[in-house]
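Visitor: If you scroll down you'll find the structure; I have some questions about it.
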Amino acid sequence: MRKIHLIFAAIFAVIALPLVVLLYQAYSQLELGTNSLYQGHAMFVANTLNQQIAKDLAIEDKRSYSEYGFIRTIQVIGGEENTLSELVDYPITSQYAGLIGHFQLAPDNSLRTPFLPEGRFGEILLEQISPAERTKREEVRFKINNILDELGVRNEGIEANAQPRDSVETVIDRVYKHDPKIRNNTKSKKKKTGRINRFEQTSEMESFAFNAELMKTDTLDFSLGDLPRAKEVEIEPFQAVFNNQYVVFFRNVRRGSELFVQGYVVNLRIYLSNLVKNETQFYPLEKDLVLGFSTAQEDLLMFGRPDYSTKILSVPLMPPLNKIYLTMYMKKSSNLTSSVFLLFLGIVVLFVLGGGLIAIYRLTQSEVEMAKKRQDFISAVSHELKTPLTAIKMSAELLQMSSGKMTDEKRMQKYSQIASESDRLTRLIQNVLNLSKLDGNRWTANIKKDRPKAVLDDFVTMYTKNIEDHGFSLTVSCDTEVNSIQLMMDRDAIMQILTNLVDNSLKFSAKADYKMIVIELRLDVDHVYLAVRDYGPGIPQSEMKKVFQEFYRVENEMTRTTQGTGIGLSMVKKLCTLSNMRIEVENANPGLRTKIHFPPLSI
């Protein structure tokens, strides 16, 4: 059996090891596929965010340089007209969250804000604003100024040579009289080949409006006869500087020899938070992603905790925010379901494989044991057949050679021995034939109503002599209530059962100190039972469940000291089952008691 153990262990290892490797490869591929899926989705999220940033920048980028003042010039039918800029309104509104306000740094680095105009013209407009609102506008302007100072945004340009100026009143009059000298020279936006900068062609009226806004309250030397000329304005792309709270988008604007810095200030955290919320709220995979914004030095904003997550993407945002990195992490729980499924699948496969091999092993073991038992049975039958045949042959030869010299008593003894051994041989052959019928389902149960007491009496009459020939005495004990009871039973089966049980007792109690066979017929509440008891060694408790197996013997066939084939109790068990009876074996200390329970009396 050890060899079989090793063979099945080797088979399990040969199958299980490649299976484990296969499951590991499957897990690796699944993890790779999951990572690729999330990386692809992370790239999609990054592209979506960048597209929205590009849209926001495009809105600001297409603003004319003049819109950063509080006056702007627009095209109307028949010419141009001056009106207030869109950026004058307060509270400040925008298409994206977090905007604090727009600003312009003049060539002298002085701060201008469209929502809080300065100069004589600005004072005229501010008269229409309540003091409380003006205070709020000033607070915003002060905040923008502090942020620009903190982030180092300045206008480093040199102010152009001063020109004679008209008074403020004259300029305002000329602007709003639509002087016929002012011509519509507005040009479409264009780019020079190979450059990113944008160019605008201003009109004379637009130049007047822009100059009027820049005049301070005490500047009254503007010459009426010297009209501003239309100028070409060069506008650079937006740049950005930021800290962990604010970001300043700004661009350089060159108008002739003058340099202006225009831009807007945004609360960085509010802007990024709103961007993520609006652009990713419809995607179900975000529940498994952690998203963050950071620089090379510090984290700026984090959505979720990356402590137990795997980094799957880190890309810079589009210019001018390309120093801010969008980093995305995949939660380790994202692979948990797949891992659990693969682990469960692996356990199931290994369990099925192990269970199958165990079942095959047990079947093989059972077949090997059955083959061994059959071999033992053949040896036992051969031995059992040989013993009576040898005795018969020896007695016959002795009678043949010494018949004239034997006394009648001696001769009758030999005849009796031949008859006894012949009966023994007949019973053995009958047992083998009956077992064959039972195994082949060819035993026909002849169940009819009969008295158990009558069957027992017939058995005692038939078998007492055989018991006494073995040196045993037979004791029969019956309850008086049983004498008249009739039950549905198979008489032949009962006789065969009693024969086998008594034969077993005779064989295994041969060396007992007290040689007696006791047969009882009892009434127990609602049923009748037969019991056969001897005073032999009994059966070890560990072997009690095995005694009904075919060909099973407590002793080894090569070392056994008792006769028998190992089919007695097996046959009894099968006969009881076919006859609707139940068998029970118990140690009587000393000896063994075997009970045969008949069907209940109510049946």
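Read-outs throughout are calculated quantities, based only on the coordinates presented, and are distinct from any laboratory measurement. Keep in mind the model is a prediction, meaning the values are calculated, not measured. Because the Cβ atoms are built from the backbone with ideal geometry, glycine has one as well, and the counts that use them run over all protein chains shown.
Visitor: For a bin width of 5 Å, list the pair-distance distribution of the range 420-597 built from all Cα-Cα distances, rounded to whole %.
Guide: Using 5 Å bins, I get a P(r) of 1, 8, 17, 22, 22, 17, 10, 3, 1, 0 for the range 420-597.
Visitor: Please give the length that would be gained between GLU31 and THR577 if that part of the chain were fully extended, namely 0.36 nm times their separation in residues minus their C-alpha to C-alpha distance (nm, one decimal).
Guide: On the way: separation 546, 0.36 × 546 = 196.56 nm, distance 5.90 nm.
Extending this stretch completely gives an extra 190.7 nm.
Visitor: In the range 391-463, if the dipole is taken from +1 on Lys/Arg beta carbons and -1 on Asp/Glu beta carbons about the Cα centre, which of TYR415, MET394, LEU428 is farthest to the positive end?
Guide: LEU428
Visitor: A further question on this structure: Give me the extension gain from GLU369 to LYS448: residue separation times 0.36 nm, minus the current Cα-Cα distance, reported in nm with one decimal.
Guide: Working: separation 79, 0.36 × 79 = 28.44 nm, distance 3.84 nm.
Length gained between GLU369 and LYS448: 24.6 nm.
Visitor: Within the range 229-251, find all residues whose amide N lies under 14 Å from a label point positioned 7 Å from the Cα of ALA296 along Cα-to-beta-carbon.
Guide: In the range 229-251, the label zone of ALA296 (backbone N under 14 Å from the point 7 Å along Cα→Cβ) covers no residue.
Visitor: Treat the count of other C-beta atoms within 10 Å as a stand-in for reagent exposure and order LEU433, LEU300, LEU601 from fewest to most.
Guide: Values: LEU433 10, LEU300 19, LEU601 13.
By the 10 Å Cβ count, ascending, the order reads LEU433, LEU601, LEU300.
Visitor: Using every pair of alpha-carbon atoms in the range 489-528, split the distances into 5 Å bins beginning at 0 and state the percent of pairs per bin, rounded to integers.
Guide: Each 5 Å bin holds this share of Cα pairs: 5, 19, 19, 22, 17, 11, 6, 1.
Visitor: If you place +1 on the Cβ of every Lys and Arg, -1 on the Cβ of every Asp and Glu, and leave all else neutral, what size is the dipole of the range 420-597 about its Cα centre, to the nearest 20 Debye?
Guide: Its charge dipole is roughly 360 debye.
Visitor: Could I ask something else about it? Lys/Arg Cβ at +1, Asp/Glu Cβ at -1, dipole of the range 420-597 taken about the Cα centre: which of SER484, GLN549, TYR535 is farthest positive-ward?
Guide: The residue sitting farthest along the positive end of the dipole is GLN549.
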